[in-house]
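K.L.:
Can you keep this structure in mind? I'll have questions shortly.
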């Protein structure tokens, strides 16, 4: 049994992985101050959920290793401490451990989450492909026909944009990221939703189309488009054009695939 932990800027996801399958998943808000009980509580909840689904037997003793991808240093240290306390090997996803060619000038500067999503999508769906991650940031990344990560685009995420409008203006309210019925908003809230949601769909479409054109080879093969991230499960994500796969758990699956391929060296 593998414990996979995905620490993003907004949300932490901890999952129990059995035979490569993502089973019990627990989520929590990413707090800037993290203590041992935050990680321990997530693990206990996930083990309890897994035990209920398989009829018992899901305990710490059954954990073989921990796999982590993190963009938040405090959580990285908390998970390191968890692995030490359990005496379990820890695999940290990063440019040095993810087996995908990286054809950019500074591979070491590419976010581990972007590389892991590209690796997971490549293993599951083949190349060429585009991976769209709808999270705190929206990333649109490219894997060429040879299976190499060749870069991409980073933009502010939909929720981040709405939060910035509410906090950076005197009178604009915070509105939910819901799909509007029309582009012409009849009041401020509708106008904000139109600009944010429809505008974000347009942003993703433009980036995806431009990147696809740059990836398309002489054979005319169109890259597949895989969408993941916390907002990929939102109803409006189905309105994104040209999408082949929506997989909210792609990153967790990537940790399982990574562990299966490279094992779990102890990193302290």
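Each reported figure results from applying straightforward, stated rules to the coordinates on display, with no laboratory input. A quick note: this is a predicted structure, and the numbers were derived from the prediction, not measured. Methodologically, a virtual Cβ is constructed for each residue, glycine included, from the backbone with ideal geometry; neighbour enumeration extends over all protein chains shown.
K.L.:
How large is the direction-averaged shadow of the alpha-carbon convex hull of the stretch 93-143, in nm²?
P.N.:
Over all viewing directions, the stretch 93-143 projects a mean Cα-hull area of 3.5 nm².
K.L.:
Follow-up. Please compute the length gained on full extension between residue 218 and residue 166, using 0.36 nm multiplied by the number of residues separating them and subtracting their Cα-Cα distance.
P.N.:
In short, 14.1 nm is gained.
K.L.:
Oh, and also: Divide by every residue of the chain the summed helix terms, -39500 (n - 2.57) for each DSSP H run of at least 4, and state the resulting mean residue ellipticity at 222 nm, rounded to the nearest 500 deg cm²/dmol.
P.N.:
-11000 deg cm²/dmol
K.L.:
Could you work out how much longer the chain between residue 61 and residue 184 gets when fully extended? Use 0.36 nm per residue separation minus the Cα distance between them, nm to one decimal.
P.N.:
Stretched out fully, the residue 61 to residue 184 stretch lengthens by 38.6 nm.
K.L.:
Taking the Cα atoms of the chain alone, what are Rg (to one decimal) and Dmax (as a whole number) in Å?
P.N.:
Looking at the chain, its Cα Rg and Dmax stand at 19.4, 59 Å.
K.L.:
Related question: Output the relative contact order of the chain, whole-number percent, from Cα pairs under 8 angstrom with separation of 6+ residues.
P.N.:
19
K.L.:
Relative to the first principal axis of the alpha-carbon coordinates of the chain, what is the inclination of helix 199-215, with its axis defined by its Cα atoms, in degrees from 0 to 90 and to the nearest 10?
P.N.:
The angle comes out near 80 degrees.
K.L.:
What do the square roots of 5 times the Cα gyration tensor eigenvalues come to for the stretch 107-251, in whole Å, largest first, as semi-axes of the equivalent ellipsoid?
P.N.:
Values for the stretch 107-251, descending: 30, 16, 12 Å.
K.L.:
Another question, then. For the pair residue 205/residue 156, report the inter-label distance in nm, with labels modelled 7 Å from Cα in the Cβ direction.
P.N.:
A separation of 2.2 nm, rounded to one decimal place.
K.L.:
Return the Rg/Rh value of the stretch 2-92, two decimal places, where both radii are evaluated on C-alpha atoms and Rh is the Kirkwood radius.
P.N.:
0.93
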